[in-house]
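The values are calculated or read from the model by the stated rules, or taken from the named source; none is laboratory data. Being a predicted model, the structure only gives us computed values, none of them experimental. In this analysis, Cβ positions are derived from the backbone assuming ideal geometry, glycine residues included, and neighbour counts consider all displayed protein chains. When the accessible area is computed, the model is the full protein with side chains, heavy atoms only, and any ligands, DNA or RNA have been set aside. Shrake-Rupley method; radii C 1.70, N 1.55, O 1.52, S 1.80 Å.
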Amino acid sequence: MGTISSTLDHPSRTAAVIGTEDEALTIIRTLAGVFGGTTGEPGTAELRLELLSRSGLFGISVPTDNGGIDVSNTVLATICCEAAVRSAPLADILAAHFVGLECLRSHGTEGQRKTVFAAALAGARVARGAARSGEALPILSNGVALRFGGEVFCTPCARHADWMLLPVQTGGRTGKLLLPVRSEGVHFVANTCEPAPGAAQAAEHVLLKDVAVEPDFLLQASGDAAPVAVPRSLGLLLEAACRLGAARGVLERLLDAGDADPLAVGLFTARLAATEAIIADAGRAIDAAQIGLADQHRINAFQASASALASAQAVVHDAASAGREAPADIPLTAQAMEALAESGRITIDAHRSGARGG
């Protein structure tokens, strides 16, 4: 694994050691404010990303056998949700990294896991990419070495990551390639990575020109292609969490406006809470799939994560139309309307009290 480890640009990088899940949640709330532009912390992308790297968050899902604390998948979802309330790019960066580490956990060799997990604990990051064509990138042999090329779209600010995890095809099999970002032949189309604080950001456009493939870069080709593989389920879960966070951000802005309808707020918050519960259940199902030997564990995790994403997407749809009054086409009993309106008033009052206290 010397090939992978020698490509790191920051061999002496150090990161904080996070010891508990509560500590991780406290840190992400602070960082979300930094990335969202609500604090006076560093303003450039490079400084924000360096702060993120040194926070210790990139190592929280590393297994305990490799020196991490292996937080639950429900906590990973909560972290992505908290990030998305303030900054979509931050949420995307974290989600991609956590899924990348899960790919290593599920399908990497012992050497790959040891190298990448140790680097993640020190602040290194894994970005993820997909080919523009939607297909896996073919790796070809020229008789001397393996090489590949193509056009991919990656996690925001992938140029500042350490590796890109890409879908590839070799020998008729689809798998993953852990490509060092600073490999020869990797070209970033844009000149900079400087998103507006808190705003959504397009995927980073990357051109790959005759890039050499070292055997150490390839993950085991068979595992991640399975339809219900754990990394895929985690990807669905964290996408759901990011969407839930975005919807929570809409709610906060609605409350900040000061003229929200209590029934509309009550209905919206009820749907947010229901989605949050579904996401938590899916996180627990993935926890079980990571340690369970039966195929049913992975099937349960996949189905639960797909349900979480569907619920989160419905909430995002509600958020797009959230406004001053509750939808007229929702059949509710008088008792339910009264309860939701009261819940909405409680939420509005709590928000006003918090605003005055802040």
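Looking only at residues of region 59-94 that are outside any helix (DSSP H, G or I) and in contact (Cβ under 8 Å) with a residue 60 or more places away in the chain, we find that the one that is nearest to residue 306 (Cα to Cα) is 72.
Every residue, every condition in (1) under 21 Å from residue 278 (Cα atoms); (2) of a type in the set (S, T, N, Q), yes or no:
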{"position": "63", "(1), (2)": "no, no"}
{"position": "68", "(1), (2)": "no, no"}
{"position": "73", "(1), (2)": "yes, yes"}
{"position": "76", "(1), (2)": "yes, no"}
{"position": "79", "(1), (2)": "yes, no"}
{"position": "82", "(1), (2)": "yes, no"}
{"position": "103", "(1), (2)": "no, no"}
{"position": "113", "(1), (2)": "no, no"}
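So, residue 118, is that one open to solvent by 40 Å² or more (accessible area, probe 1.4 Å), of a type in the set (A, V, I, L, M), assigned to a helix (DSSP H, G or I) and under 15 Å from residue 163 (Cα atoms) or not? Yes; evaluated as a whole, the condition is true for this residue.
Per-residue answers, yes or no, for (1) in contact (Cβ under 8 Å) with a residue 40 or more places away in the chain; (2) open to solvent by 50 Å² or more (accessible area, probe 1.4 Å); (3) closer than 20 Å to residue 232 by Cβ:
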residue: 144; (1), (2), (3): no, yes, no
residue: 160; (1), (2), (3): yes, yes, no
residue: 173; (1), (2), (3): yes, yes, yes
residue: 176; (1), (2), (3): yes, no, yes
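Which of the numbered conditions does residue 128 fail, given that it passes all the others? Conditions: (1) basic (Lys, Arg); (2) over 24 Å from residue 19 (Cα atoms); (3) more than 17 Å from the chain's Cα centre (by Cα). (3) is the only condition that residue 128 fails. Taking the conditions (1) closer than 24 Å to residue 88 by Cβ; (2) part of a loop (DSSP other than H, G, I, E, B) in turn, residue 259 satisfies each one other than (1).
Tell me, yes or no, whether region 144-153 has at least one residue that is of a type in the set (Val, Ile, Thr), over 24 Å from residue 18 (Cα atoms) and more than 21 Å from the chain's Cα centre (by Cα). Yes. When you scan region 92-99, do you find a residue that is open to solvent by less than 60 Å² (accessible area, probe 1.4 Å) and touching a Gly at 6+ places or on another chain (Cβ under 8 Å), even just one? Yes - at least one qualifying residue is present in region 92-99. Residues in region 103-115 that are open to solvent by less than 10 Å² (accessible area, probe 1.4 Å) and either among the aliphatic types (A, V, I, L, M) or touching a Pro at 6+ places or on another chain (Cβ under 7 Å) (or both): 103, 104. Within region 99-106, is even one residue in contact (Cβ under 8 Å) with a residue 60 or more places away in the chain, among the charged types (D, E, K, R) and assigned to a helix (DSSP H, G or I)? For region 99-106, residues in contact (Cβ under 8 Å) with a residue 60 or more places away in the chain, among the charged types (D, E, K, R) and assigned to a helix (DSSP H, G or I): present. Residues being modelled with pLDDT under 80 and more than 22 Å from the chain's Cα centre (by Cα) are entirely absent from region 27-37.
Residue-by-condition table, conditions (1) at pLDDT 90 or above; (2) surrounded by fewer than 16 Cβ atoms within 10 Å (Cβ to Cβ):
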{"residue": "258", "(1), (2)": "no, yes"}
{"residue": "265", "(1), (2)": "no, no"}
{"residue": "276", "(1), (2)": "yes, no"}
{"residue": "287", "(1), (2)": "yes, no"}
{"residue": "294", "(1), (2)": "no, yes"}
{"residue": "305", "(1), (2)": "yes, no"}
{"residue": "323", "(1), (2)": "no, yes"}
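With the condition kept exactly as written, say whether any residue in region 229-236 is open to solvent by less than 10 Å² (accessible area, probe 1.4 Å), closer than 24 Å to residue 165 by Cβ and not in a helix (DSSP H, G or I). Yes, region 229-236 has at least one match.
Considering region 55-84, the residues that are hydroxyl-bearing (Ser, Thr, Tyr) and farther than 16 Å from residue 104 by Cα include one that is surrounded by the fewest Cβ atoms within 10 Å (Cβ to Cβ), namely 72.
One residue stands out in region 122-138 among those that are outside any loop (DSSP other than H, G, I, E, B) and more than 21 Å from residue 89 (Cα to Cα): the one that is most open to solvent (accessible area, probe 1.4 Å), namely 138.
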